[in-house]
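The values are calculated or read from the model by the stated rules, or taken from the named source; none is laboratory data. Not measured: the values here are computed from a predicted model. No Cβ is skipped: glycine too gets one built from the backbone with ideal geometry, and neighbour counts run over all protein chains shown.
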Amino acid sequence: MNTQGYFDTRFVSDRRRDRLWITLCRHYFDRLIHRDFTVLELGAGYGHFINNVVCRTRIAIDAWDGFLRFLNEGVEGHIGDVTSLDFLEDASVDFVFASNLFEHMPQASFAHVLSTLRRKLRTGGTLNILQPNYRFCYDEYFDDYTHVTVYSDRSICDFLRTHGFDVIQCEARFLPLTVKSRLPVLPWLIRLYLSSPVKPLGKQMLIRARPRTC
């Protein structure tokens with residue numbers, strides 16, 4: 001894939017994402033991440049998540065060599081494929097995050113990542129996945145020409161279980177599909193959306209899982 005071309009066309013920088021991720025981290029993910037955690041973001045892109053996490057160690061990896069210039073001071077960046085995590089020690093990571101990543105990968109590559117993360121995560125560590133839920137966005141899913149694999153909240157949970165993870169949370173409708181939806185991207189509205197049991201235009205899912213211990 002022409003990685004630079006993707007960021008120049010399909011996934012251009014957008015200030016609305018900055019507002020979204022600052023709010024998500026402060027009002028949702030902060031409660032899941034302890035200050036002494038080591039956090040790894042897979043496919044970090046513009047660094048929206050990892051830049052706003054508060055923890056001891058922040059690590060990011062992306063295949064796009066331009067992503068390093070977007071990382072805040074103190075974030076350890078690695079250019080490379082997420083299937084190659086040899087730079088990490090085993091049992092060294094507490095919280096792994098991947099946003100809109102695994103739909104861009106063949107299932108064999110996803111399975112390889114899961115196998116690797118089972119070694120890299122500490123006991124009690126979690127994998128946290130945010131991505132499109134095909135059940136609710138089937139008519140838009142392949143508007144992104146780099147999508148190669150289909151997952152719904154049901155299929156991805158089964159895939160995780162098959163590859164040695166226990167699902168601890170499954171939110172089928174967590175966020176709208178894109179910041180370009182009809183909903184304005186305002187911090188107060190994002191907080192209201194997160195707390196609401198009703199998710200209009202909710203087409204992205206959040207799945208949290210941890211390696212099976214027995």
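Yes/no matrix, rows are residues, columns are (1) closer than 15 Å to ILE207 by Cβ; (2) of a type in the set (Asp, Glu); (3) without any contact (Cβ under 8 Å) to a residue 24 or more places away in the chain; (4) in contact with an Asp or Glu (Cβ under 6 Å, 6 or more places away or on another chain):
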{"site": "ASP90", "(1), (2), (3), (4)": "no, yes, no, no"}
{"site": "ASN100", "(1), (2), (3), (4)": "yes, no, no, no"}
{"site": "GLU103", "(1), (2), (3), (4)": "yes, yes, no, no"}
{"site": "PHE110", "(1), (2), (3), (4)": "yes, no, no, no"}
{"site": "LEU114", "(1), (2), (3), (4)": "yes, no, no, no"}
{"site": "ASN133", "(1), (2), (3), (4)": "yes, no, no, yes"}
{"site": "GLU140", "(1), (2), (3), (4)": "no, yes, no, no"}
{"site": "HIS147", "(1), (2), (3), (4)": "no, no, no, yes"}
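Residue check: is THR123 polar (S, T, N, Q), outside any helix (DSSP H, G or I), over 13 Å from the mean Cα position of the chain (by Cα) and on the phi < 0 side of the Ramachandran plot? Spelling it out, THR123 is indeed polar (S, T, N, Q), outside any helix (DSSP H, G or I), over 13 Å from the mean Cα position of the chain (by Cα) and on the phi < 0 side of the Ramachandran plot.
In the stretch 97-107, is there at least one residue being surrounded by 17 or more Cβ atoms within 10 Å (Cβ to Cβ), among the hydrophobic types (A, V, I, L, M, F, W, C) and assigned to a loop (DSSP other than H, G, I, E, B)? Scanning the stretch 97-107 turns up at least one residue that is surrounded by 17 or more Cβ atoms within 10 Å (Cβ to Cβ), among the hydrophobic types (A, V, I, L, M, F, W, C) and assigned to a loop (DSSP other than H, G, I, E, B). Which of the residues spanning the stretch 173-188 are touching a Leu at 6+ places or on another chain (Cβ under 8 Å) and at pLDDT 90 or above? Of everything in the stretch 173-188, those that are touching a Leu at 6+ places or on another chain (Cβ under 8 Å) and at pLDDT 90 or above turn out to be PHE174, LEU175, PRO176.
Quick grid of which residues meet (1) at pLDDT 95 or above; (2) of a type in the set (D, E, K, R); (3) outside any strand (DSSP E or B); (4) within 24 Å of ARG15 (Cβ to Cβ):
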position	(1), (2), (3), (4)
VAL150	yes, no, yes, no
ARG154	yes, yes, yes, no
ILE190	no, no, yes, yes
ILE207	yes, no, no, no
